1. Does residue 272 satisfy being open to solvent by less than 10 Å² (accessible area, probe 1.4 Å), polar (S, T, N, Q), under 26 Å from residue 180 (Cβ atoms) and not in a loop (DSSP other than H, G, I, E, B)?
2. Taking helices (runs of 4 or more DSSP H) that do not extend beyond region 68-155, which have at least 3 residues that are open to solvent by less than 20 Å² (accessible area, probe 1.4 Å) and either touching a Cys at 6+ places or on another chain (Cβ under 7 Å) or hydroxyl-bearing (Ser, Thr, Tyr) (or both)?
3. Is there any pair linking a residue in region 284-297 that is farther than 18 Å from residue 197 by Cβ and assigned to a helix (DSSP H, G or I) to one that is open to solvent by 40 Å² or more (accessible area, probe 1.4 Å) and not basic (Lys, Arg), with Cβ under 7 Å and at least six apart or on different chains, and which?
4. From the list 307, 313, exactly one residue is open to solvent by 20 Å² or more (accessible area, probe 1.4 Å), closer than 30 Å to residue 179 by Cα and in contact with a strand residue (DSSP E or B) (Cβ under 6 Å, 6 or more places away or on another chain). Which is it?
5. Looking at region 156-168, is at least one residue in a strand (DSSP E or B), touching a residue at least 12 places away in the same chain (Cβ under 8 Å) and not basic (Lys, Arg)?
6. Residue 120 passes all but one of (1) touching a strand residue (DSSP E or B) at 6+ places or on another chain (Cβ under 7 Å); (2) closer than 24 Å to residue 264 by Cβ; which number fails?
7. Just a yes or no: is a residue in region 177-185 open to solvent by less than 70 Å² (accessible area, probe 1.4 Å) and farther than 22 Å from residue 64 by Cα?
Amino acid sequence: MKTIYKLLTFCMLACCLLLSACSSSREPISKQGFLLDTVIQITLYDTGNESLLDESFAVCEKYEQLLSKTVATSDVSRINQAEGKPVTVSDETIALIQKSLTYSELSDGAFDITIAPLSSLWDFKDKKTIPDSQDIEKAKNLVDYHTISISGNTVTLLNPKASIDLGAIAKGYIADKIKDYLVSKNVKSGLINLGGNVLTIGTKPDGSAWNIGIQKPFDEQNAAITSVHLSDESVVTSGVYERYFKQDGVIYHHILDAKTGYPFQNGLLGVTIISEQSVDGDALSTTCFALGLQKGMELIRSLPDIDAIFITDDYQLHDSRDTDYNS
């Protein structure tokens, strides 16, 4: 476990590299730990109040207990275990499921939190093998966000064999909740890093924008392929190099196509979203990867105040802010 922890720590720091130093008369305070099945780190630059870090981690733990499908008592687990019976859940869980359904509609199902029966077949950590084709066929037939019914605080899965997984959106939602807490405590300069989902609070102490590196796919040194400047914004990346294995020369990664049951093979290596809210960046990074370069770019350009950088398998960058871009 220590080896995994150190490796994840190194990758997290490298992927979310601050490419220029922060100058401040106050030493920053920081806390790091393992939650949400990843390494998280929160750093504050304008306060020495260590209790704010502890409370931020408590916020993260609270939402993990509500939203994680691996926590047996969570709202999500109770929905999945109910076999189609109605389940009453928290306001926060309802809000996030409704947000997820918005992105499902926006993407015509490319983003779908009922992916759980399919994603549970794929093991990118230990076995690293391709699931049986018959199992994939059965599982993909259970993926359909229309089977989620919401009435007040009650969630019902109309297909009793269906199940949900909020993994493609929950980290962004939780990052926003942590930021809300810290801003309420008058924090004006900080970084929230949930396993590579980075959310900035304000600016650097000197008033300049944060400079966040975007990892070059598959680079053994975790070098940055480019960087983005942002203030009070979020940057989230979904990429094939995050969780994958290689078999017979083919890369099998964790971003699954519900229509085929297999990982997308669409010429993309990664999609980075820059947005105000991290929940939007989290959902859109997966959505735009699923849609592919052309449709993903069209979607981003239809949304206000959201930008994207697509990395294709020739390591070319395609930036939605580039007015000369033509897909």
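The values are calculated or read from the model by the stated rules, or taken from the named source; none is laboratory data. What you see is a predicted model, and the numbers here were worked out from it, not measured in a lab. Neighbour counts are summed over all protein chains in view; Cβ atoms, including those assigned to glycine, are modelled from backbone coordinates with ideal geometry. Accessible surface is based on the protein model in full, side chains and every heavy atom, while ligands, DNA and RNA are left aside. Shrake-Rupley method; radii C 1.70, N 1.55, O 1.52, S 1.80 Å.
1. Details: open to solvent by less than 10 Å² (accessible area, probe 1.4 Å): yes; polar (S, T, N, Q): yes; under 26 Å from residue 180 (Cβ atoms): yes; not in a loop (DSSP other than H, G, I, E, B): yes.
Criteria met by residue 272.
2. Helices (runs of 4 or more DSSP H) meeting the threshold: 91-106.
3. Filtered contacts from region 284-297: 292/266; 293/327; 294/327; 297/327.
4. 307
5. Residues of region 156-168 that are in a strand (DSSP E or B), as a first pass: 156-157.
Within this subset, residues satisfying the condition of being touching a residue at least 12 places away in the same chain (Cβ under 8 Å) are 156-157.
Right, trim to not basic (Lys, Arg) and you get 156-157.
Checked region 156-168: at least one residue is in a strand (DSSP E or B), touching a residue at least 12 places away in the same chain (Cβ under 8 Å) and not basic (Lys, Arg).
6. (1)
7. Applying the first criterion (open to solvent by less than 70 Å² (accessible area, probe 1.4 Å)) to region 177-185 yields 177-179, 181-182.
Pick out the ones that are also farther than 22 Å from residue 64 by Cα and you get none.
So far as region 177-185 goes, no, none of its residues is open to solvent by less than 70 Å² (accessible area, probe 1.4 Å) and farther than 22 Å from residue 64 by Cα.
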